1. Quick check on my filter: what residues within region 79-96 are more than 14 Å from I65 (Cα to Cα) and within 13 Å of the chain's Cα centre (by Cα)?
2. Name the residues in region 123-142 that are among the hydroxyl-bearing types (S, T, Y) and either under 21 Å from F84 (Cβ atoms) or touching a strand residue (DSSP E or B) at 6+ places or on another chain (Cβ under 9 Å) (or both), would you?
3. What about V26, is it under 15 Å from the mean Cα position of the chain (by Cα), among the hydrophobic types (A, V, I, L, M, F, W, C) and not in a helix (DSSP H, G or I)?
4. From A108, A73, A97, A60, which residue is more than 25 Å from R35 (Cα to Cα) and in contact with a Phe, Trp or Tyr (Cβ under 9 Å, 6 or more places away or on another chain)?
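Read the figures in this text as sums done on the coordinates, not as results from a lab. What you see is a predicted model, and the numbers here were worked out from it, not measured in a lab. When we count neighbours, we look across all protein chains shown, and the Cβ atoms used for this are built from the backbone with ideal geometry, even at glycine.
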Amino acid sequence: MIRPLDASDRDIYLAMSAEFYSSPAVLHDVPAANRENAFAEFLKGELAKCFVFECEGRVAGYGIICFFYSQEAGGRCVIFDELFVKPEFRSRGLGSAFFSYVFENYHAPRYVLEIEPENVRARKLYEKLGFVPLGYIRMIKE
């Protein structure tokens, strides 16, 4: 089951996001305050949404999407910002189910994601779902 995050999910979300940011799937950790602020933003649901995955009656992971407008793509796009499945629930199709849920419920001219280059397992899933490298180099200023 995939459902929108709600206020009662705070502690479990913060624990899972801490686990995600200490994993090899990301390049570096983020401050706990950033995750707290993100949780508050998810409850608003305007710029970003978080979804909780449940399996066998237990919380199994979460996924985050964010929205942006792209003139190039021709409309409001969706970026898959984070996808985390607890180790004991991996290889059960939860990641694929999350993508299907978003594709069915959040129609967009373009879906975007980023991946840590060494995360081969995730890349295989994303390619299976039809994602291809865009060819741009992503740059940031902090």
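1. V85, L94, S96
2. Our first condition is that a residue be among the hydroxyl-bearing types (S, T, Y); within region 123-142, this holds for 126, 136.
Once the filter is applied, which keeps residues that are among the hydroxyl-bearing types (S, T, Y) and either under 21 Å from F84 (Cβ atoms) or touching a strand residue (DSSP E or B) at 6+ places or on another chain (Cβ under 9 Å) (or both), region 123-142 yields only Y126.
3. Working: under 15 Å from the mean Cα position of the chain (by Cα): yes; among the hydrophobic types (A, V, I, L, M, F, W, C): yes; not in a helix (DSSP H, G or I): yes.
The answer is yes for V26.
4. Values: A73 fails: in contact with a Phe, Trp or Tyr (Cβ under 9 Å, 6 or more places away or on another chain); A97 fails: more than 25 Å from R35 (Cα to Cα); A60 fails: more than 25 Å from R35 (Cα to Cα).
One residue alone meets the criteria, A108.
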